[in-house]
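Engineer: One structure follows; several queries about it will come next.
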Amino acid sequence: MISEVHLQESDPEVFAAVDRERQRQNNGLELIASENFVSSAVLEAMGNVMTNKYAEGLPGHRYYGGCEFVDEAERLAIDRACKLFNCLWANVQPHSGAQANMALYYTLLQPGDTFMGMDLAHGGHLTHGSPVNFSGRTYRVVSYGVKKETGFIDFDALAKTARGVRPKLIMTGSSAYPRAWELAKFRELADEVGAYLVCDMAHFAGLVAGKVHPDVVPFCHVVSTTTHKTLRGPRGGMLVSSEKGGELLLPGMPKPKTITEALDSWVFPGVQGGPLMHVIAAKAVAFGEALRPDFRTYVEQVVKNAKVFAHELVSLGYDLVSGGTDTHLILMDLSSKGWTGKAAEKALEKAGITVNKNMVPFDPQKPMVTSGIRIGTPAITTRGMKEPEMKKIAQLVDRTLKNMNDDSVLAAVKAEVAELVKSFPLYPKSLVLRGAS
Ligand code: DSN
């Protein structure tokens, strides 16, 4: 029999690290745009006996016996994902967004093929063709970006390039572009040049689900996402599509497959082995939560909060890339102040405010230094913070940045942060660490 000894007793060192991380999350202001706080139900679903189960294959078609109950969890996750994004097909097995993207590139491209993606320094993702990532090493990548004067995507330049290079795939979506993606014109262009259109909606999947970002699924052949950002689920990835078919003959495969059949094969056995069934159970729980009306209220507040935060920063004299935001994130350009993202991130961390340094478009600094910081509102909105707190936090960010080298000011801001978060409690010890006293 498995003993009921809890982590605190069986492994005090790991217990202590987890508890300190719980306290860090509780006591600070989490402004990293790609992070969020999952519900107690999602946490519980992630820590369960489904972690013991091998279940290669898909529900009803597995390579192992004993899969009837993990099948139930995976079917719930698929059905809920399809309802949430109004799609016909979903694969909830990718362990991460990067693996979801790897499976879709393998499905739609051959090594050496050309695809277009947003430049990392202009807000793209690593897996959208960065030379340090498999995507940039396996394919010929032609990047697109934003206009220097406006910070908005330079669609005319992108279209001209696409007509010249005729990419096989156009990747959309971003990790630091603060504006909404309008995909109708991208699909028109993709059809004109004979490319597949893909959106990696990882950052704004929750906003799409809650209908505060324009829909992307109907315009794309495939959509990839992570499940842990604005969607507020467990760490993981997913692929969805509303494509009915599309015959696709893949080299090495004896019979034609539809795009979605090929995607399923490229997730497993193509790029992954056994799926993480406990995480899939937690994805099902998170998608169930996102289908409830209060999730829509939540994402509406995420965007309202980001707009108020951005407005306050502009009033305080800061430059924002594109001048503001339509989404959950803000990209501050600190170059006119003569500050680096690296120094700003460090000072804010000392003041109890967590952000990440981030390249800004046309950044003269290196990626480990940068001229910007990225700010997001998903996590602080989950805590219940609204417009008045956004103004207050923007002012705390301003005070910190103006006094970066004055430890006494940073300590005073940290005390104010501690006072503020007391009114927005997060995780009690017993909830994160079962059996903890
Ligand atoms: N690393 C992620 C982010 O922070 O945006 C990209 O998926």
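Engineer: For the stretch 272-294, give me each residue that is hydrophobic (A, V, I, L, M, F, W, C) and buried (at least 21 other Cβ atoms within 10 Å of the Cβ).
Structural biologist: Once the filter is applied, which keeps residues that are hydrophobic (A, V, I, L, M, F, W, C) and buried (at least 21 other Cβ atoms within 10 Å of the Cβ), the stretch 272-294 yields 276, 277, 279, 280, 281, 282, 284, 285, 286, 287, 290.
Engineer: Let me ask something additional. Sort out which residues of the stretch 327-345 are in contact with a strand residue (DSSP E or B) (Cβ under 9 Å, 6 or more places away or on another chain) and free of Cβ contacts under 8 Å to residues at least 60 places away in the same chain, and write them in order of number.
Structural biologist: Selection gives 332, 333, 335, 336, 340, 341, 342, 345.
Engineer: I'd like the residue in the stretch 1-21 that is assigned to a loop (DSSP other than H, G, I, E, B) and surrounded by 13 or more Cβ atoms within 10 Å (Cβ to Cβ) and, out of all such residues, is modelled with the highest pLDDT.
Structural biologist: Here is the first cut: in the stretch 1-21, the residues assigned to a loop (DSSP other than H, G, I, E, B) are 1-6, 11.
With the extra rule that they be surrounded by 13 or more Cβ atoms within 10 Å (Cβ to Cβ), the set shrinks to 6, 11.
Numbers: 6: 90, 11: 94.
Step by step, filter the stretch 1-21, then rank; the result is 11.
Engineer: Just for the stretch 22-55: of the residues that are in a helix (DSSP H, G or I) and among the hydroxyl-bearing types (Ser, Thr, Tyr), which one is farthest from residue 378 (Cα to Cα)?
Structural biologist: Looking at the filtered set, the residue picked out is 51.
Engineer: Do you know which residues across the stretch 197-241 are in a strand (DSSP E or B) and in contact (Cβ under 8 Å) with a residue 60 or more places away in the chain?
Structural biologist: 198, 200, 222, 223, 224, 225, 226, 237, 238, 239, 240, 241
So that you can scan it fast, the table gives a plain yes or no per residue for (1) within 24 Å of residue 269 (Cβ to Cβ); (2) of a type outside the set (Gly, Ala, Ser); (3) touching a Gly at 6+ places or on another chain (Cβ under 9 Å); (4) surrounded by 21 or more Cβ atoms within 10 Å (Cβ to Cβ):
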| position | (1), (2), (3), (4) |
| --- | --- |
| 23 | no, yes, no, no |
| 26 | no, yes, no, no |
| 41 | no, no, yes, no |
| 52 | yes, yes, no, no |
| 59 | yes, yes, no, no |
| 63 | yes, yes, yes, no |
| 66 | yes, no, no, no |
| 83 | no, yes, no, no |
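Engineer: Shifting gears a bit: What are the pairs with Cβ atoms under 7 angstrom where one residue, in the stretch 22-36, is under 21 Å from residue 225 (Cα atoms) and the other, located anywhere, is more than 12 Å from the ligand (Cβ to nearest atom) and of a type in the set (Lys, Arg)? Sequence gap at least six, or different chains.
Structural biologist: Cβ pairs passing all conditions: 36/232.
Engineer: Take the conditions among the aliphatic types (A, V, I, L, M), within 14 Å of the ligand (Cβ to nearest atom) and in contact (Cβ under 8 Å) with a residue 12 or more places away in the chain and apply them to residue 353. Does it pass?
Structural biologist: no
Engineer: Looking at this structure, is residue 284 among the aliphatic types (A, V, I, L, M), outside any loop (DSSP other than H, G, I, E, B) and touching a Leu at 6+ places or on another chain (Cβ under 6 Å)?
Structural biologist: yes
Engineer: Sticking with this structure for a sec: For the stretch 162-182, enumerate the residues that are surrounded by fewer than 24 Cβ atoms within 10 Å (Cβ to Cβ), assigned to a loop (DSSP other than H, G, I, E, B) and more than 16 Å from the ligand (Cβ to nearest atom).
Structural biologist: Scanning the stretch 162-182 gives 166, 168, 180, 182.
Engineer: Give the residues of the stretch 335-355 that are among the hydroxyl-bearing types (Ser, Thr, Tyr) and part of a helix (DSSP H, G or I), sorted by residue number. Give the derivation first.
Structural biologist: Of all residues in the stretch 335-355, those among the hydroxyl-bearing types (Ser, Thr, Tyr) come to 335-336, 340, 354.
Matches in the stretch 335-355: 335, 336.
Engineer: Among the residues of the stretch 127-161, how many are surrounded by fewer than 15 Cβ atoms within 10 Å (Cβ to Cβ), among the β-branched types (Val, Ile, Thr) and either out of contact with any Ser or Thr (no Cβ under 8 Å at 6 or more places or on another chain) or assigned to a helix (DSSP H, G or I) (or both)?
Structural biologist: Residues in the stretch 127-161 being surrounded by fewer than 15 Cβ atoms within 10 Å (Cβ to Cβ), among the β-branched types (Val, Ile, Thr) and either out of contact with any Ser or Thr (no Cβ under 8 Å at 6 or more places or on another chain) or assigned to a helix (DSSP H, G or I) (or both): 1 in total.
The values are calculated or read from the model by the stated rules, or taken from the named source; none is laboratory data. Note that the coordinates shown come from a computational prediction; the quantities given were computed from them, not determined experimentally. Methodologically, a virtual Cβ is constructed for each residue, glycine included, from the backbone with ideal geometry; neighbour enumeration extends over all protein chains shown.
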